[in-house]
Each structure stands twice: as C-alpha cells, then as structure tokens.
1. Between a residue in the stretch 68-91 that is under 15 Å from residue 103 (Cα atoms) and any residue that is within 16 Å of ligand 1 (Cβ to nearest atom) and in a loop (DSSP other than H, G, I, E, B), which pairs come within a Cβ distance under 9 Å, given they are 6 or more apart or on different chains?
2. Just wondering, is there one or more residues in the stretch 65-75 that are within 16 Å of ligand 1 (Cβ to nearest atom) and closer than 30 Å to residue 113 by Cβ?
3. Is there a residue in the stretch 14-22 that is over 30 Å from residue 91 (Cβ atoms), away from ligand 1 (no atom under 11 Å from the Cβ) and either part of a helix (DSSP H, G or I) or without any contact (Cβ under 8 Å) to a residue 40 or more places away in the chain (or both)?
4. Looking at the stretch 31-142, what strands (runs of 3 or more DSSP E) fall wholly within it and have at least 1 residues that are within 16 Å of ligand 2 (Cβ to nearest atom)?
Ligand SMILES: [Zn+2]
Ligand SMILES: [Zn+2]
C-alpha cells in the first residue's frame, strides 16, 4: 500500500500530479529535506524519465547513471528504489514489506512471487511467526 500524500511543488506551490520525491540538504546541512515537484517543474533527468515510464533499467544501468547508489532495489530486476515504485505487501496491520517493484509484482503469480519474499525474510533473520504472516499475505495476492 502506498501513501497517497502529495505535498505542494517546491517551486510554485501547486499541487503535484506525480508521486516522485526528491531530497536536498537543509540550509544548515544538518539533515535532508524531502520535497516534491509538479509536472511542470520536474527536471528532465534520467531518474524522472525512468520513473514516469516505469522502466526496469536494472542495477547496472542505474549505477552507471549515478542513481540509487547505496539503495536497495527490486529483488527480481535490480532497479533501485530511487527509480521505480515498489509494491508494498501488508502482512499485518502495522507492517509491510516490498521485495518487488510494481511491474515485476504484476507479471508474477503469487507462487512465483514467493521466492523473492523468502529471500527478503532470510536477510531479516525473521521469526517463524513472521514467515507465516508474510507467506500467507503473498499467497492471498497482497
Ligand atoms: Zn511547480
Ligand atoms: Zn522489478
């Protein structure tokens, strides 16, 4: 589940039609600030192009373009989370996980998705109870 929370454009203050988020240093360089840009003020950058077209470019191409370095990404196509929307699977009321991007998730059946979730769980050192919750959610098509 994705939060439908659009903040106003950082340049003009209009409502943003897209769900991209950007980061910049705060004036005093103490922390990062997240902001949004409306379609008119989106930069013509590779990251924006890839995001808007849901392109699964993979990790090698993204790294070559300087995108998503140090970030995790889709377990299937490798595209970093800076470039593509993830599919969030809610496995209990307060928790969700997202090993796959939306296009990879869409084209797989629940049983085909399962190995990617199991791989994520193994990285978490998950409890048997957590395994059950996640497996059940995946097989229910969440
Ligand atoms: Zn704007
Ligand atoms: Zn993917």
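Quick note: the coordinates plus some simple rules give every number you see, no bench work behind them. Everything numeric in this text was worked out from a predicted model, so none of it was measured. Methodologically, a virtual Cβ is constructed for each residue, glycine included, from the backbone with ideal geometry; neighbour enumeration extends over all protein chains shown.
1. As it stands, the answer is 85/19, since those pairs meet every condition given.
2. Going residue by residue through the stretch 65-75, those that are within 16 Å of ligand 1 (Cβ to nearest atom) are none.
There is no residue in the stretch 65-75 that is within 16 Å of ligand 1 (Cβ to nearest atom) and closer than 30 Å to residue 113 by Cβ.
3. no
4. Working: elements: 32-35, 89-92, 95-97.
Per the criteria, 89-92, 95-97.
Here's the yes/no breakdown for (1) more than 16 Å from ligand 1 (Cβ to nearest atom); (2) surrounded by 16 or more Cβ atoms within 10 Å (Cβ to Cβ); (3) under 12 Å from the mean Cα position of the chain (by Cα):
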residue: 32; (1), (2), (3): yes, no, no
residue: 36; (1), (2), (3): no, yes, no
residue: 42; (1), (2), (3): no, yes, no
residue: 46; (1), (2), (3): yes, yes, no
residue: 53; (1), (2), (3): yes, no, no
residue: 77; (1), (2), (3): yes, yes, no
residue: 86; (1), (2), (3): yes, yes, yes
